[in-house]
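Here's the structure we're looking at; comments come further down.
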Amino acid sequence: MLMHVIDMGHDVYKANDKVAEKNKKKLDKYQVFSVNVMGAIGSGKTTLIEEVIRQLKDKYKIAVIAGDVIAEMDSSRFRKLDVPTIPVNTGKECHLDAKLVEKALDEIDLNNTDLLLIENVGNLICPVDFKLGEHLRVVIVSVTEGDDIILKHPMIFKTSDLAVINKVDIAHAVDVDAEKMRDDILSLNPNVPVILTSKHDWESLETWISFIELGVKESQNR
Amino acid sequence: MHEFSIACEIFEQVMTTAKEHGATEVKHVTLQMGRLSHTNPEQLSFCFKVLSEESIAENADFIVEMIPPSLECECGYTGTVDEEKIRENCEFKSELLAYAAVMECPICGKPAQITGGRELIIKSIEIETEDQN
Ligand SMILES: [Zn+2]
């Protein structure tokens, strides 16, 4: 019997990042702007994505990847809006990863896509470790999650390009200060844009939608 | 929890490398885990145990070395987070929350860039092979 130590140095997350880079290159080639929408169950991810689709689908060609643990509930909501939707069921998993997105991209007509919206699986922890190849990482958090939710999940706020605080119209009812939530986000990530939204406030939704549209325009000019 | 899928990836990588080197048994698997990665060492170890049942890695020791977060600041500071210091100052906070608080630059106080502490590396394996003679 002989004993050997074999150095491997295989970084599991970097292996995912490599596939993500490949996805991004592919999306760049087709000038598709991609958005990874992360957030807990009930934060309003689906509703905010639906609003983007409603407002922008006549201007741009939109496709959706809807990540879900098992059900196809969300993807059917997007399909009702007449946009190509790929449901990705992760089974037991709590997040989308680059390989799942790579597979989903094969099913999307990228020549006919300007904007790819990716709804991640609902939680604030697992999606953080897995890049997908997206251009914009968005975290959506709702006031109903309580005002300590941000400091409890620092990494997702540290690593996002945009933060949305949703359902601010009911902040008072749930005894939460949305401004404190904004301050907490900025204390973790001072340069991240923070948008306060509510589905009953058109102006706030417009800010959210125009942020996405800006990204689409930029990638088309690239 | 994504320990199961991570464990699957580790198991596959370990088995591939072990077989390439003609292993008859995997004795140790050594992992380096960043404190800021959202992975739990005990759960990962448990998932690996389950996956490796009836394989040559069945009895492998699963060793996890934790890597502290490292920071870089625009003021020029670079360094790792002093874990000892955190523990004594922040007993009442969860470990992660404590880390968040110290991700500020210790020199100028601005939030610093995280440059390390999120990795999950299969560092090495120790294997047994048949004696060629
Ligand atoms: Zn500094």
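The values are calculated or read from the model by the stated rules, or taken from the named source; none is laboratory data. In this text, all values refer to a predicted model and were calculated from it rather than measured experimentally. Don't worry about glycine lacking a Cβ; one is built from the backbone with ideal geometry, like all the others, and counts go over all protein chains shown. What goes into the accessible areas is simple: the full protein's heavy atoms, side chains included, and nothing from ligands, DNA or RNA. Shrake-Rupley method; radii C 1.70, N 1.55, O 1.52, S 1.80 Å.
So, in the stretch A:196-208, how many residues would count as being surrounded by 20 or more Cβ atoms within 10 Å (Cβ to Cβ) and not in a loop (DSSP other than H, G, I, E, B)? It would help to see each step written out before you state the result.
So in the stretch A:196-208, the residues surrounded by 20 or more Cβ atoms within 10 Å (Cβ to Cβ) come out as A:196-198, A:205, A:208.
Remaining after also requiring not in a loop (DSSP other than H, G, I, E, B): A:196, A:205, A:208.
Total satisfying the criteria: 3.
Give me the residue from the stretch B:8-36 that is over 20 Å from B:GLU130 (Cβ atoms) and in contact with an Asp or Glu (Cβ under 6 Å, 6 or more places away or on another chain) and, out of that set, least open to solvent (accessible area, probe 1.4 Å).
Residues of the stretch B:8-36 that are over 20 Å from B:GLU130 (Cβ atoms), as a first pass: B:8-13, B:29-36.
Cutting the leftovers down to in contact with an Asp or Glu (Cβ under 6 Å, 6 or more places away or on another chain) gives us B:32, B:34.
On the way: B:GLN32: 47, B:GLY34: 1 Å².
Among them, the one singled out is B:GLY34.
What tally of residues in the stretch B:62-83 results from selecting those that are open to solvent by less than 70 Å² (accessible area, probe 1.4 Å), assigned to a strand (DSSP E or B) and away from the ligand (no atom under 14 Å from the Cβ)?
Number of matching residues: 6.
Which of the residues spanning the stretch A:38-66 are part of a strand (DSSP E or B) and under 21 Å from A:ASN112 (Cα atoms)? Walk me through it before giving the result.
Quick first cut of the stretch A:38-66, residues part of a strand (DSSP E or B) only: A:38-39, A:62-66.
Listed by number, the residues that qualify are A:ILE62, A:ALA63, A:VAL64, A:ILE65, A:ALA66.
Would you point out the residue of the stretch B:105-119, among those that are within 13 Å of the ligand (Cβ to nearest atom) and within 9 Å of chain A (Cβ to nearest Cβ), that is modelled with the lowest pLDDT?
Selected residue: B:PRO111.
A:GLU218: open to solvent by 70 Å² or more (accessible area, probe 1.4 Å) and either part of a helix (DSSP H, G or I) or under 11 Å from A:SER142 (Cα atoms) (or both), yes or no? Steps first, answer last, please.
Working: open to solvent by 70 Å² or more (accessible area, probe 1.4 Å): yes; either part of a helix (DSSP H, G or I) or under 11 Å from A:SER142 (Cα atoms) (or both): yes.
Criteria met by A:GLU218.
Mind checking which residues of the stretch A:40-59 are within 12 Å of A:ASN123 (Cα to Cα) and touching a Leu at 6+ places or on another chain (Cβ under 7 Å)?
A:ALA40, the sole residue that qualifies.
Which of the residues that make up the stretch A:141-155 are assigned to a helix (DSSP H, G or I), more than 9 Å from chain B (Cβ to nearest Cβ) and surrounded by fewer than 24 Cβ atoms within 10 Å (Cβ to Cβ)?
Let us first name the residues in the stretch A:141-155 that are assigned to a helix (DSSP H, G or I), namely A:143-145, A:149-152, A:154-155.
Applying the additional criterion that residues be more than 9 Å from chain B (Cβ to nearest Cβ) yields A:143-145, A:149-150.
The answer is A:THR144, A:GLU145, A:ILE149.
Does A:ASP129 count as at pLDDT 90 or above and within 14 Å of another protein chain (Cβ to nearest Cβ)? Full working, then the answer.
Details: at pLDDT 90 or above: no; within 14 Å of another protein chain (Cβ to nearest Cβ): yes.
No; evaluated as a whole, the condition is false for this residue.
Rundown of residues vs (1) open to solvent by 70 Å² or more (accessible area, probe 1.4 Å); (2) within 13 Å of another protein chain (Cβ to nearest Cβ); (3) within 20 Å of A:ILE156 (Cα to Cα), yes/no style:
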| site | (1), (2), (3) |
| --- | --- |
| A:ASP11 | no, yes, no |
| A:LYS14 | yes, yes, yes |
| A:VAL19 | no, yes, no |
| A:ASN23 | no, no, no |
| A:LYS29 | yes, no, no |
| A:ASN36 | no, no, yes |
| A:ALA40 | no, no, yes |
| A:VAL64 | no, no, no |
